[in-house]
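Everything on this sheet refers to the single structure shown next.
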Amino acid sequence: MKLAEALNQRADLQKRIAQLRERLANNVKVQEGDQPAENPQDLFQELDDSLKQLKDLIVSINRTNQETVWEGKTLTETIAEKDTLSLHIATLRSALDAANVRSDRYSRNEIKFVRTVDVNALQKRVDDLSRDLRQLDSRLQQANWTTDLR
């Protein structure tokens, strides 16, 4: 199995577990005299099985990410780079949003706000980092589809 397939399977298991959580919440308590739509014990068993599969899959994915070197770095390092790059972009976008908030003044006595950053330069930096993130993500996807799960 390729790493990308394992990642898709992990996402499916996470969705199934979320659905089981909801189904359990709907069936662990019923009005006196009624029967639950689904047997909670069966749902608990399915939850246990799904969680074990998820744990085993996560261990394999993490092992593969740690042991696979791609473009001179482990996949774990590349994922960390992608995550921090995403956080950097989100933080700069937040600063851009704050700098672009318009404050209308109705009289000369009201407080005037001025920007303390070059919005155009900041926007260019966000654009450049976003391009870098897209390229990094593409390379990471390529690695995922060519790497065997360990």
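Structure above, values below:
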| read-out | value |
| --- | --- |
| Single match in Ala90, Ala80 (criterion: hydrophobic (A, V, I, L, M, F, W, C), free of Cβ contacts under 8 Å to residues at least 12 places away in the same chain and under 30 Å from Val114 (Cα atoms)) | Ala90 |
| Conditions (1) of a type outside the set (Ser, Thr, Tyr); (2) over 22 Å from Gln14 (Cβ atoms); (3) out of contact with any strand residue (DSSP E or B) (no Cβ under 8 Å at 6 or more places or on another chain); number of the one not met by Glu67 | (3) |
| Lys82 vs. criteria open to solvent by 90 Å² or more (accessible area, probe 1.4 Å) and assigned to a helix (DSSP H, G or I) | no |
| Checklist (1) out of contact with any strand residue (DSSP E or B) (no Cβ under 7 Å at 6 or more places or on another chain); (2) open to solvent by 60 Å² or more (accessible area, probe 1.4 Å) applied to Trp145, failing item | (1) |
| Those residues of the stretch 15-54 which are within 30 Å of Glu5 (Cβ to Cβ) and polar (S, T, N, Q), in sequence order | Gln19, Gln45, Ser50, Gln53 |
| Selection from the stretch 117-150 of residues that are β-branched (Val, Ile, Thr) and out of contact with any helix residue (DSSP H, G or I) (no Cβ under 7 Å at 6 or more places or on another chain) | Thr146 |
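The values are calculated or read from the model by the stated rules, or taken from the named source; none is laboratory data. Nothing here was measured: the structure is a model prediction, and the numbers come from that model. All Cβ positions, even for glycine, are placed from backbone atoms using ideal geometry, and neighbour counts span all protein chains on display. These area figures cover heavy atoms from the full protein model, side chains too; ligands, DNA and RNA do not enter into them. Shrake-Rupley method; radii C 1.70, N 1.55, O 1.52, S 1.80 Å.
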